[in-house]
Amino acid sequence: MGKGGEQGGDSGEPAAQIRFYTWDEIQKHNLRTDKWLVIERKVYNITKWANRHPGGHRVISHCAGEDATDAFQAFHINPTLVQKFLKPLLIGELAPGEPSQDRGKNSQLVEDFRTLRKTAEDMNLFRASPLFFSLYLGHIIALEVLAWLMVSYLGTGWITTLLLACILTTSQAQAGWLQHDFGHLSVFKKSSWNHILHKFVIGHLKGASANWWNHRHFQHHAKPNIFQKDPDVNMLHIFVLGDTQPVEYGKKKLKYLPYNHQHEYFFLIFPPLLIPVYFQIQIISTMIRHRFWADLAWAISYYLRYFLTYIPFYGLLGSLCLLTFVRFLESHWFVWVTQMNHIPMEIDSEKHRDWLSSQMAATCNIEQSFFNDWFTGHLNFQIEHHLFPTMPRHNFWKVKPLVKSLCAKYGVQYEEKPLGKAFVDIVGCLIEHDSLGPDPQKMLLVSVWSQLLLPSPMNFCREITLS
């Protein structure tokens, strides 16, 4: 039971009673039907409210029984406004003798990270450039117009159609990075404007659902590479990842697929099918099942615009084939960019790390260049993005030296690699993590491939050896 205390005021009214709780008690409330969390030493009971959480009930539930202060700061651009929703949920505070962090986390590291965030705020690194995002949206619309002009003036020959598909793929991929900005509330100071533009970009320009993306992606950011919490590492028994999952599957004798060949069927399943098949099924079913009618209307507006534009040139069936081919190409682009930062990193069960350590263990950066920035939507700065999700992407390079300095101070690994190495590491890690262990001949093949792509020999996934 929490201990009671009294706090008197100067108004002469009865003193309000404050209940104090220990971490041992708070950590018991991490069940589906009983959820407490701590923000700035205040204890909140979110059990009934979780289902009304705008970011989805899962992302807030993943923090049950923990100190959620840094996650709260990371996801909300106006924490003061959000406090009005928290006030009715307040049930007490941490007992005076309890540390501010749970489970023996390094309190000095946590405080230094919060100081770093405050420094970034003082440097105006959370202020977006209207010109940057206007030009970015403009270049996406220009690609759409160019595609229409090309087919209008050059016809529907095979070469024109192939070029058209490449242009539309580029437009879709870049729109994907832009909706990501609005979804993270990193463009406008007001959440409402970010939400409106998010629905426009992901809905009207891409035909997807903002709510589906929010509920899925925020979980990934809150608990990256954590089994049962990050949907991006839920591979539906198609792949086995990390160091522990292959062992677990081996002990339980689970072999839904020949995992010792997962690095080979990866090319046949993951890049070509994620967006045109898996995501499309998820998006449509989510909008209907959860009655996201506004998202559905935006998605319909995309398909109406697309088919009205291209049916006159290709007919209904031809337009549908073109769209499927564009989704196929975009899926390759999306998979290689999004997986290179995470799959080669630590993937495991919940370890209850502090915010900085948990994000650093699950993410890595790709070297900066103009092409890498554009090609990845600045997700080559994955570390900075995960630490500060609401920071506009054009400011990542400015906060990067501060992050590297803090990591060096506490011996936290800051991993950065060339783009080619990042792509090869995906395959290397699938080999390492297959259920039979790494095959020396396969690792040698991948090593040769990597040396063809890169100027120097590499190691995979924490110094994989060929022996």
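Which net charge results when you count Lys and Arg as +1 and Asp and Glu as -1 among the other residues whose beta-carbon is under 15 Å from that of His195?
+1
At a threshold of 8 angstrom on Cα-Cα distance, excluding pairs fewer than six apart, so keeping six or more, what relative contact order does region 41-126 reach in percent?
Relative contact order comes out at 38 percent.
Provide the per residue accessible area, probe 1.4 Å, for the chain, rounded to a whole number of square angstrom.
Per residue, the chain has an accessible area of 48 Å².
List, in order, the whole-Hz ³J(HN,Hα) value for each residue of region 124-141 obtained from phi through the Karplus relation with A = 6.51, B = -1.76, C = 1.60 and θ = phi - 60°; use x for Gly and Pro.
Here the 3J(HN,Hα) series is 6, 6, 9, 9, 7, 9, x, 5, 4, 6, 5, 5, 5, 4, x, 6, 6, 5 Hz.
Taking every DSSP beta bridge with both residues inside the chain, roughly what % is antiparallel (nearest 5)?
70
Would you rank Arg289, Arg114 by solvent-accessible area, highest first, keeping every protein chain in place and using a 1.4 Å probe?
Output order, biggest surface exposure first: Arg289, Arg114.
Looking at [x] 21, 43, 34, 2; [y] 26, 58, 16, 1; [z] 21, 54, 22, 3, 0, which value of P(r) over Cα pairs in 20 Å bins from 0, in percent comes from a calculation on the structure shown?
[z]
Which percent of the accessible area of the chain is formed by carbon and sulfur heavy atoms (probe 1.4 angstrom)?
After summing per-atom areas, the C and S share lands at 62 percent.
If DNA, RNA and ligands are ignored and the probe is 1.4 Å, what is the ranking of Arg52, Arg393, Arg103, Arg117 by accessible area, most exposed first?
From most exposed to least exposed: Arg52, Arg103, Arg117, Arg393.
Using only alpha carbon pairs under 8 Å that are at least six residues apart, calculate the relative contact order of the chain and give it in whole percent.
Worked out over the chain, it gives 16 percent.
Mean separation of Cα pairs under 8 Å and 6+ residues apart, divided by the residue count of region 211-318: what relative contact order is that in percent?
17
Whole Å is fine, so just give me how far the alpha carbon centre of region 199-214 lies from that of region 148-186.
Centre-to-centre distance over Cα atoms comes out at 16 Å.
For a quick check of understanding: with a 1.4 angstrom probe and all protein chains in place, what accessible area in square angstrom does Trp23 have, to the nearest ten?
Its accessible surface works out to 10 Å², give or take rounding.
Using 0.36 nm per residue, how much length does the chain from Ile159 to Arg19 gain when fully extended, once their Cα-Cα distance is taken away?
Result: 43.2 nm gained on full extension.
Would you kindly find the accessible area of Leu135, with a 1.4 Å probe and non-protein molecules such as ligands, DNA and RNA excluded, rounding to the nearest 10 Å²?
110
Which entries of Lys223/Lys400; Lys42/Lys105; Lys206/Lys417 show an alpha-carbon separation above 29 angstrom in the structure shown?
Lys206/Lys417
Please compute the length gained on full extension between Tyr265 and Asn78, using 0.36 nm multiplied by the number of residues separating them and subtracting their Cα-Cα distance.
Gain on stretching Tyr265 to Asn78: 62.8 nm.
Can you list the residues, at least 5 places off or on another chain, whose amide H is less than 5 Å from the amide H of Gly92, using H built in the peptide plane?
Amide H neighbours of Gly92, under 5 Å, 5+ apart: Val43.
Quote the accessible area belonging to Leu131 in square angstrom, nearest 10, computed with a 1.4 Å probe and with ligands, DNA and RNA left uncounted.
Its heavy atoms expose roughly 120 Å² to the probe.
Output the pairs from Lys190/Lys351; Lys35/Lys351; Lys229/Lys398 with a Cα-Cα distance over 28 Å in this structure; if there are none, say none.
Where the Cα-Cα span goes over 28 Å, the pairs concerned are Lys190/Lys351; Lys229/Lys398.
Among the aspartates and glutamates, select those whose C-alpha is under 17 Å from the C-alpha of Lys251, and discard any that sit fewer than 8 residues away in the same chain.
Leaving aside aspartates and glutamates fewer than 8 places away in the same chain, those within reach of Lys251 are Asp243, Asp348, Asp434.
Per-residue HN-Hα couplings for region 209-221, Karplus 6.51 cos²θ - 1.76 cosθ + 1.60 at θ = phi - 60°, whole Hz, x for Gly and Pro?
Ordered by residue, 3J(HN,Hα) equals 10, 5, 5, 4, 5, 4, 5, 7, 6, 5, 4, 4, 6 Hz.
In nm, what is the difference between 0.36 nm times the number of residues separating Arg103 and Arg353 and their Cα-Cα distance?
Net length gain for the segment: 89.2 nm.
Which ³J(HN,Hα) values, rounded to whole Hz and listed in residue order, are derived for region 78-88 from phi using the Karplus coefficients 6.51, -1.76 and 1.60 in 6.51 cos²θ - 1.76 cosθ + 1.60 with θ = phi - 60°, glycine and proline given as x?
Calculated HN-Hα couplings, in order: 9, x, 4, 5, 5, 4, 5, 7, 7, 3, x Hz.
Top to bottom by accessible area (1.4 Å), largest first, where do Phe370, Phe292 land?
So the residues, ranked largest to smallest area, are Phe370, Phe292.
The values are calculated or read from the model by the stated rules, or taken from the named source; none is laboratory data. None of these values were measured; they are calculated from a predicted model. Methodologically, a virtual Cβ is constructed for each residue, glycine included, from the backbone with ideal geometry; neighbour enumeration extends over all protein chains shown. With ligands, DNA and RNA removed, areas are computed over all heavy atoms of the protein, side chains included. Shrake-Rupley method; radii C 1.70, N 1.55, O 1.52, S 1.80 Å.
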